[in-house]
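What follows is a short report on a single structure.
Coordinate-derived values only; no laboratory data. These numbers were taken from a predicted model, which means no experiment stands behind them. Here the Cβ positions follow ideal geometry from the backbone for every residue, glycine too, while neighbour counts run over all protein chains shown.
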């Protein structure tokens, strides 16, 4: 698998759209009828069989032909269903292409809301997506697809990496796709505070996922190589430790620079990762000291 070193997910988005011809899409079989595709952007889950092909996330628009070729090389039919784990462009950039060929796009309510309106993060604004790129089926808590001899189930995770995160579980195959709730061995976490994310929500999402899976579950992270149950437990413990240290610093009256000076995330820092230890501590501090905003959600499960 080939990764591009960068300082932020915004930089990753810019880099990935600039040179798609340099990207190789690499498959890895996870379970019978379930594969992961590594490329540039979020890891792609593929479920395929007699009922059709389901894609979990789709990276960037220029990569769609390579992704389609990789899917075909698995012996799978063209993509019929597409689930987005959240709204970020390295996971939804191919939506327009798949929408144009008739794939049914599904996601949490807030993914459609955010994709349908301009989104600002830092000094960069992402324009609204065209209608054909938007999820057509959206849900409040989750949904199930009974396809290819398995139940593919989505679960919404509230206010975590963003306010529209979903994990996707194959119940029979015993596989879970985590989206960007989980970076495995390539970075500290990224909490998108501008998109309704929170560090407490991210920790709660990992706890909920661990309650839904078992020690034999195979884990597809949003970024990084395949992971085990033990890897995810370690990630949970890391989050608990850093969040606890930041909370203790706040309770002691320390400012963010004083807390960063204590280096509570240093031992988990990954050289060249998206997010440095100081950056994650600052995210945690802001998340824990800024009043939350109510998520902009639609009230019920529905079809657009």
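Some points to look at:
- Cα-only Debye scattering, the chain: base-10 log of I(q)/I(0) at q = 0.09, 0.16 Å⁻¹: -0.40, -1.35
- DSSP assigns beta bridges within the chain; of those with both partners inside it, close to 70 percent run antiparallel.
- According to the calculation over all Cα-Cα pairs in the range 221-265, the P(r) per 5 Å bin from zero is 5, 21, 22, 16, 12, 12, 10, 3, 0 %.
- Spin-label pair residue 247/residue 124, simplified geometry with 7 Å Cα→Cβ offset, distance in nm: 3.2 nm
- Burial order of peptide ranges 71-83, 163-175, 269-281 (average beta-carbon count within 10 Å, highest first): 163-175, 269-281, 71-83
- Potential extension, residue 100-residue 136 segment - 0.36 nm per residue separation minus Cα distance: 11.7 nm
- Using alpha-carbon coordinates, inclination of helix 199-212 to the longest axis of the chain, degrees: 50 degrees
- Each of the peptides 221-228, 98-105 was scored by the mean count of other Cβ atoms within 10 Å over its residues; in descending order, highest first, they stand as 221-228, 98-105.
- Projected over all directions and averaged, the alpha-carbon convex hull of the range 173-304 occupies 9.8 nm².
- Inter-probe distance in nm under a simple model that places probes 7 Å from Cα toward Cβ, at residue 28 and residue 51: 2.7 nm
- Across all Cα pairs in the range 22-107, the calculated P(r) in 5 Å bins from zero up to the longest distance comes to 3, 16, 31, 29, 16, 4, 0 percent per bin.
- Between the Cα long axis of helix 277-289 and the first principal axis of the chain there is an angle of about 80°, rounded to the nearest 10.
- The range 45-182: C-alpha gyration tensor shape, a/c 1.5 cut-off, then a/b vs b/c: oblate
- Using alpha-carbon coordinates, inclination of helix 9-18 to the longest axis of the chain, degrees: 40 degrees
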